[in-house]
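Everything on this sheet refers to the single structure shown next.
Each value in this text was obtained by applying a stated rule to the coordinates, not by laboratory testing. Everything numeric in this text was worked out from a predicted model, so none of it was measured. Neighbour counts are summed over all protein chains in view; Cβ atoms, including those assigned to glycine, are modelled from backbone coordinates with ideal geometry.
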Amino acid sequence: MIQGIIDRFEGNIAVVEIDGKEMKDFPKKSLPKGVKVGDMLLIDGDNITISKEGTEKLRQEIEDLMDELFED
């Protein structure tokens, strides 16, 4: 199983960062409904799901970094 993070959308293509190393294009129609930029995906062959726990963890890490960056 591979982990990916939605980096951006370009028309009907989703650009996904795979394992923090490479970018790969996926057709938007192959992704789960409601997927957003920043969502973590679990990719197992043709089966792609959103990892709610992984996505929340990423968002919390980003929020923590932002808090550190903008501390007085």
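Calculated FRET efficiency, K57 to N12, Cβ-Cβ distance, R0 = 35 Å: about 0.75 to the nearest 0.05. What the Cα convex hull of the chain gives, in volume per residue, is 99 Å³. Give the angle, between 0 and 90 degrees and rounded to the nearest 10, that separates the Cα long axis of helix 52-69 from the longest principal axis of the Cα atoms of the chain. Here the helix axis deviates by roughly 30 degrees. Working from label points 7 Å from Cα in the Cα-to-Cβ sense, the D67 to M23 distance is 3.1 nm.
Around the Cα centre of the chain, unit charges on the Cβ atoms of Lys, Arg, Asp and Glu (plus for the first two, minus for the last two) sum to a dipole of about 680 debye.
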